[in-house]
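Before any comments, here is the structure.
We did not get these values from a lab; they are worked out from the coordinates using the rules stated. The structure displayed is predicted, hence computed values, not measured ones. We place every Cβ from the backbone using ideal geometry, glycine too, and count neighbours over all the protein chains shown.
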Amino acid sequence: MSYDDVEIEDMEWNEELQAYTYPCPCGDLFQITKDDLRLGEDIARCPSCSLYITVIYNAEDFAGGTSKKPLEPSKQQPVAVA
Ligand SMILES: [Zn+2]
């Protein structure tokens with residue numbers, strides 16, 4: 001049984017964790033990444049306790065996402081050697 005059902009809109013994007021978060025009653029945060037969502041995962045877990053929540057979202061918003069830009073890995077600039 002999940003602790004709660006939470007809509008993705010009610011969750012908060014955390015830049016540091018690169019994950020959607022939602023306050024856990026233990027004081028930590030439930031977390032789920034965009035990759036998880038893209039894979040169809042809908043369980044956000046708390047790293048500090050055994051609770052988890054079910055995330056309500058539209059899978060199409062994340063599947064193969066064209067509307068939202070995925071994070072780009074920092075590109076290595078080739079260095080021209082003189
Ligand atoms: Zn917790």
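Each label point was placed 7 Å from the Cα along the Cα-to-Cβ direction; for Thr54 and Thr33 their separation is 2.5 nm. Distant-in-sequence amide contacts of Tyr52, defined by a placed amide H-H separation under 5 Å and a gap of 5 or more residues or a different chain, comprise Tyr3.
Since only Ser48, Ala63, Pro25 are under comparison, the one whose Cα sits farthest along the positive direction of the charge dipole of the range 1-66, derived from C-beta charges on Lys, Arg, Asp and Glu, is Ser48.
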